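Notes follow once the structure below has been shown.
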Amino acid sequence: MQMRKVYNWQLGRKAAYVYPLGRPKKQWAIIFDLNKCISCQTCSLACKTTWTSGRGQEYMFWNNVATKPYGGYPQGWDMGMLSKLGLQEWDGNKYIGKTLFEAAAKNEKILQHVADDKDWSHPNLGEDEVAAAIERGDWIRIPHRAWMFYLPRTCGHCTYPACLGACPRKAIYKREEDGIVLIDQSRCRGYRECVRSCPYKKSMFNVETRISEKCIGCYPKIEQGEMTQCTTNCIGKIRLNGFVSTPDNARKDNPIDYLIHERKLALSLYPQFGLETNIYYIPPVHAPVAYLEQMFGPGAGAAVQTYRSIRDDQTLKGLMVLFGSMEKVLHGFKVDNSFAYGYDEKGNEVVKVPVTEPMYIRDFYDKKLNVYRHNTP
Amino acid sequence: MVLKKIICVWMFLFLATGVASAEGKKKIFAEFVSYHKSVDAAKVGLNDDIWKSIPSSRLPLQRQFLVFPKPMDVGVKEMSVQSFNDGKYITFRLSWKDSTQNTGPKLMDFSDGAALQFPVNKKPLPEYFMGEEKRPVHILHWKAWRSRDKQEGFQTVKSAYPNMTVDMYNFDYKVKGVGTEKTQAEKDIFTPGKAAGNPLSFDHKEIIEELNSEGAGTLKSKNIENTSGDAEWKDGQWTVIFRRPLTVSDPLSARFVAGEKMPVAFSVWEGERRESAGRKAVSPAWAEVKVE
Ligand code: SF4
Ligand code: SF4
Ligand code: SF4
């Protein structure tokens, strides 16, 4: 098909897309620190109880958490897609391989990996499964030879959404005000071209209403200046929800821009797919860099190094404690010697957190109460 | 110089496609007759004797080739059509071979289906594929899902996945006063397709849906106008009948006039191959039915 060329900063070049899509005024984004996710699934349940508790939505997890490298919801979503796309290459920070739009057959819009019913039916198969068999002595070796990590995901409200491009009747739209991608529930006719085409498999079919549904980016909360349900309910405080700029418009005081553009610590998921998706990950430091590069692009190794040096980096350390500390979306932040501050769109302070929690050491024996106390920091 | 060349090539392409589409509009690939019979066409059954006396026309189908995605191949490459009218109603009886019956919705299961398309106005004749802007077509769309809904009741998640277990649903708790007292309409607000009034999300009396289209991607469901249908799958073959009045008051509906020819085009979907939307088999151009 005749494609348009659009600029994709994650690939460092122009790439093919179905429409000459302009960018929204603001772009919704979530950053996940994968070093901290404990797969408690509170996020999945927060989303489910809020949005998908009805008939036909039983299997739907607009937010899901799977164990990598083997787990996936639907099963094999990424492996299936990667093996279809085949070996592709980066030249430094520029992607010289083919994106899914560029690799499409001439009669198709996008290269597709279609998940079967059985792939959707076990949302967390392979939970806690590690990358290799455990051998004698492995448990005392650090770092562990066999690794795994948890990968929480939502829809990425992509800059160039495959779902939107694939829909034959333009039932999917991207909101100008925040970049959130929605399926118009009155226009959809259940063709499932979006379900087939989204490489992240975040568009889903409702058997009962016979049309497709997807993560709505919690737009009613975003409109109130609040972060998504899956972000604010996160037990591990691993998430930060806000707005990402393009690299040339990046603001150093926007926490999202700072982590993505300034420090290049948070990287997008499978950028090579070519959708400029907007879920960003701080890679887990203990997984092999080669695997992380396949998943997050060529910046993964450097991001791991940066993460390892956070303890000596007051700004990053401060920013990391802002994760999970407030419900309001932060448009600005500041870190001084003792505190990290977060600001709303008007510049009002909405949160203030100590960079290092104060520690109190108490006497082992309290005479007044006649009790012994342990200090457990 | 280069610019000139580009312009020339562009002009040439423009002319070539212009001619081709004008050609496409005129070309009629097949003709058949809707015989006049004194049998109630509004009530005729799928296998009534009358069909034995009506000649059947075999028509080719081919892969949809005009809008993306274009399927490389399709499941159904030939169909038969018979038609008669009684001066008030007209009936079409389609049949085609399909070794698999796809009648139930699942996450990745698609419905078998067939559609008839007529121009709302014959002159000028709209583009044969889904009509064009200001030149609408009228479509009668049958889906195997709907036939099964009608026979067994609206299919649900429970019928699609009988072994599925669910703890509980909102408003269905076994205690009072937590939404359980809400009316069905109030509960439906929490079902997105229903809340948005999407016609696909509701149970329908008829297995045929009526639609208008003004070009690919503009399909719009409309009210049923005494249109009815029946379908049966037997021995690897679907047989479907579509019955409707020759004329209705809605200006966006096809009107059949005795003695005149009516353009018609067909689409068939093979659910087993996950055919849906433009992934389908279509007539190669408009056919014509001569209404006796
Ligand atoms: S709530 Fe947070 S820590 Fe728990 S699984 Fe979700 S992302 Fe991970
Ligand atoms: S992740 Fe998938 S469903 Fe979400 S916007 Fe991107 S292509 Fe669409
Ligand atoms: S952003 Fe909202 S709708 Fe999307 S996965 Fe998170 S909780 Fe669910």
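Summary table below
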item	result
Mean-position separation - Cα centroids, region A:120-152 and region B:92-158, in angstrom	48 Å
Coarse-grained scattering of region A:60-172 at q = 0.21 Å⁻¹, given as base-10 log I(q)/I(0) from a Debye sum over alpha-carbon atoms	-1.29
Least to most buried among B:GLU288, A:GLU208, A:GLU327 (fewest other Cβ within 10 Å first)	A:GLU327, B:GLU288, A:GLU208
Equivalent-ellipsoid semi-axes of region A:110-170, from the Cα gyration tensor, Å, largest first	37, 15, 10
Counted charge near B:VAL81, where neighbours are those whose Cβ lies closer than 9 Å (Asp, Glu -1; Lys, Arg +1)	+2
Debye log10 I(q)/I(0) at q = 0.15, 0.26, 0.28 Å⁻¹ for region A:38-116, Cα point scatterers	-0.76, -1.15, -1.23
Cα gyration tensor category, rounded, prolate or oblate, for region B:96-203 with a/c compared to 1.5	oblate
Under 5 Å, built H, 5+ apart or other chain: amide partners of A:ILE172	A:ASP184
Compactness of region A:119-260 as Cα Rg over 2.2 N^0.38 Å, two decimals	1.32
Phi-based couplings in Hz for region B:215-223 (Karplus 6.51, -1.76, 1.60; Gly and Pro marked x)	x, 3, x, 10, 3, 9, 5, 9, 5
Footprinting exposure proxy for A:ARG141, B:ARG244, A:ARG23 (fewest neighbouring C-beta atoms within 10 Å first)	A:ARG141, A:ARG23, B:ARG244
Loop chymotrypsin sites (Phe, Trp or Tyr not before Pro), region A:311-377 (other Cβ atoms within 10 Å of the site Cβ: 10 or fewer; DSSP)	A:TYR360, A:PHE364
Projected area, mean over directions - region B:66-157, Cα convex hull, nm²	9.0 nm²
Two-decimal log10 I(q)/I(0) for region B:236-292, as the Debye equation yields it once each C-alpha is a single scatterer, q = 0.25 Å⁻¹	-1.12
Karplus-derived 3J(HN,Hα), 6.51/-1.76/1.60, for each residue of region A:183-192, Hz, glycine and proline x	9, 5, 5, 8, 8, 4, 10, x, 5, 6
Per-residue Cβ neighbour rank within 10 angstrom, fewest leading, B:MET72, A:MET148	B:MET72, A:MET148
Between helix B:2-26 and chain B: long-axis angle, C-alpha atoms, 0 to 90°, nearest 10	80 degrees
Exposed-site-free run, longest, chain B (rule: chymotrypsin sites (Phe, Trp or Tyr not before Pro); DSSP loop; at most 16 other C-beta within 10 Å)	B:203-292
Region A:258-320, Rg to Rh (Cα coordinates; Rh as Kirkwood inverse mean 1/r)	0.97
Surface/4 estimate of mean projected area, convex hull on alpha-carbon atoms of region A:199-251, nm²	6.2 nm²
Anisotropy class of region A:284-377 from Cα gyration tensor, a/c 1.5 cut	oblate
Shielding score for B:217-225, defined as the mean number of other chain Cβ atoms within 10 Å	2
Rg/Rg_ref, region B:194-292, where Rg_ref = 2.2 N^0.38 Å and atoms are Cα	1.22
Within a Gaussian network of chain A (alpha carbon springs, distance under 10 Å), most fluctuating of A:GLY318, A:GLY301, A:GLY12	A:GLY12
Shielding by partners - mean other protein chain Cβ count within 10 Å, residues of A:209-217	4
Hydrodynamic radius by Kirkwood, which averages 1/r over all alpha carbon pairs of the protein assembly as shown, in angstrom	28.1 Å
Around B:GLY45: net Lys/Arg minus Asp/Glu count, Cβ-Cβ under 13 Å	-1
Burial order of peptide ranges B:43-49, A:191-197, A:118-124 (average beta-carbon count within 10 Å, highest first)	A:191-197, A:118-124, B:43-49
Mean shadow area of chain A over all directions, Cα convex hull, nm²	22.4 nm²
Fraction of antiparallel bridges per DSSP, region A:4-301 only, in percent to nearest 5	85 percent
For region B:44-128, size of Cβ-based charge dipole, Lys and Arg +1, Asp and Glu -1, in debye	280 debye
Loop GluC sites (Glu not before Pro), region B:50-153 (other Cβ atoms within 10 Å of the site Cβ: 16 or fewer; DSSP)	B:GLU133
Test item: B:267-276 mean partner chain Cβ contacts at 10 Å	1
Coordinate range along principal axes, alpha carbons of chain B, Å, largest first	76, 65, 39
Chain B - mean residue ellipticity at 222 nm from DSSP helices (-39,500 (n - 2.57) per run, n ≥ 4, rounded to 500)	-4500 deg cm²/dmol
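None of the figures in this text is laboratory data; all of them are computed from the coordinates on show. Bear in mind that the values here come from a model prediction, so they are computed numbers and not experimental data. Heads up, the Cβs are rebuilt from the backbone with ideal geometry, glycines too, and the neighbour counts pull from every protein chain shown.
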